[in-house]
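Structure record follows, encoded as structure tokens.
No value in this document is a laboratory result; all are computed from the given coordinates. None of these values were measured; they are calculated from a predicted model. Here Cβ is always computed from backbone atoms with ideal geometry, including for glycine, and neighbour counts include all displayed protein chains.
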Amino acid sequence: MFEIEFLPPEVDAVAWATEHPSFVSHRILIIPENFEERALSGASRLRGGISLATLELMLQDPRFEENRQALEAGRNAISAWLESAGPENATVMLLLEEGDRASAIVRGAVCSVLQSFNSALIGAGSAIGIKVSTMGERKEAVDYYLPGYIAAFTMTNGIIGVTSTTSEFRRRGILKLMAASPLPKSSWILANLALQVALAFLLTLLMLAVGHVIFETKATVNLLSVALIPLGSITFCGMGITLGGS
């Protein structure tokens with residue numbers, strides 16, 4: 001999904017993006033020097049702030065009145081340490097191009113990773129979890145190919161097969177002989193349509209059986225799919241008779 005390239009620290013990120021145009025937008029993440037030390041230092045200050053807030057709550061609770069002196073001493077010590085530690089934290093810079101449609105997605109992904117780092121550095125777990133599941137059964141690629149193959153074979157039999165047969169009958173004069181016989185033209189046309197419908201159903205059953213036995217497909221048959229088989233066969237067969245007889 002990503003093509004990652006590491007740039008030397010001395011390279012100007014904006015100038016590099018200008019000199020290396022691409023069909024996709026550049027997204028540059030600048031990690032400052034001493035990032036690890038700053039992150040660990042910031043995590044220590046954050047832990048101290050959490051401890052200080054916890055002590056403040058305990059001092060307000062009457063149940064800890066007996067330990068008030070020790071709690072105040074701990075609060076004062078942590079406050080003094082936080083004042084001397086300074087406010088410096090680790091900060092990364094994310095550079096995005098103007099007009100990047102995926103900028104919000106990229107920004108969200110980077111923020112999510114940084115938030116995971118923050119939680120891990122202070123030893124915080126997850127109070128709320130998420131479980132992702134899919135609705136329905138997972139379909140393999142062959143489950144999507146199977147309907148297309150059935151439709152393609154139905155179309156091929158109706159257009160190419162019937163067109164070739166009708167053209168050959170017309171070339172050899174068989175159509176003229178049939179026209180001179182007592183057989184009505186409608187009967188011959190209906191016979192072709194019935195044959196193609198029967199072949200389409202036979203082909204569909206064969207494809208479903210082969211797919212189920214060999215590829216373990218999970219195709220489901222409903223009334224709409226059953227109705228589409230004769231409808232498609234009649235349509236393509238009619239086109240084939242029209243093309244072959246013209």
Potential lengthening between Val226 and Leu183 on full extension [0.36 nm per residue; Cα-Cα distance subtracted]: 12.4 nm
Charges only on Cβ, +1 for Lys and Arg, -1 for Asp and Glu: so what's the dipole of the range 67-186 about the Cα centre, in debye to the nearest 20? 1200 debye
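Can you give the extra length, in nm with one decimal, that the chain gains between Asp61 and Thr18 once fully stretched, where that is 0.36 nm per residue apart less the Cα-Cα distance? If you can, show how the numbers build up before the last one.
On the way: separation 43, 0.36 × 43 = 15.48 nm, distance 5.97 nm.
The Asp61-Thr18 span can extend by a further 9.5 nm.
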If you work out Cα Rg over 2.2 N^0.38 Å from the coordinates, which of (i) 0.95; (ii) 2.08; (iii) 1.08 do you get? (ii)
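Once you have a ≥ b ≥ c as the square roots of the Cα gyration tensor eigenvalues for the range 63-191, tell me rounded if a/c is under 1.5, and otherwise prolate or oblate according to whether a/b is larger than b/c.
Values: a/c = 9.06, a/b = 4.05, b/c = 2.24.
Judged from the Cα gyration tensor, the range 63-191 comes out prolate (a/c at least 1.5, a/b above b/c).
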Taking the Cα centroid of the range 58-134 and of the range 161-177, what is the distance between the two, rounded to the nearest whole Å? 81 Å
Neighbour count of at most 16 Cβ within 10 Å plus DSSP loop: longest chymotrypsin sites (Phe, Trp or Tyr not before Pro)-free window in the chain: 24-214
Summing -39500 (n - 2.57) over every DSSP H run of at least 4 in the chain, dividing by its residue total and rounding to the nearest 500, the 222 nm mean residue ellipticity is -21500 deg cm²/dmol
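Exposed loop GluC sites (Glu not before Pro) only (DSSP loop, at most 14 other Cβ atoms within 10 Å): please give the longest stretch of the chain free of them, not including the sites. Let's see the in-between values first.
Working: sites that count: Glu3, Glu5, Glu10, Glu33, Glu88, Glu97, Glu98, Glu137, Glu140, Glu216.
Counting at most 14 other Cβ atoms within 10 Å as exposed, the longest clean stretch of the chain is 141-215.
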Label Ile28 and Val142 with points 7 Å out from Cα along Cα→Cβ: what is the distance between them in nm? 5.0 nm
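Set the Förster radius R0 to 45 Å, insert the Cβ-Cβ distance between Thr242 and Arg101 as r into 1/(1 + (r/R0)^6), and round the FRET efficiency to 0.05. Before the final figure, lay out the partial values.
Values: r = 47 Å, r/R0 = 1.05.
Once the sixth-power term is evaluated, E becomes 0.40.
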In debye, nearest 20, what is the charge dipole magnitude of the chain about its Cα centre with +1 on Lys and Arg Cβ and -1 on Asp and Glu Cβ, if you could check? 2240 debye
Between Ala124 and Ala70, with labels modelled 7 Å along Cα→Cβ, what's the label distance in nm to one decimal, could you check? 2.8 nm
In this structure, the FRET efficiency calculated for Val210 and Asn89 from their beta-carbon separation, with R0 = 51 Å, to the nearest 0.05, is 0.25
With only alpha-carbon atoms counted, please give the Rg and Dmax of the range 1-136, in Å. 21.7, 69
According to the Kirkwood expression over distinct Cα-Cα pairs, how big is the hydrodynamic radius of the range 141-241, in Å? 14.8 Å
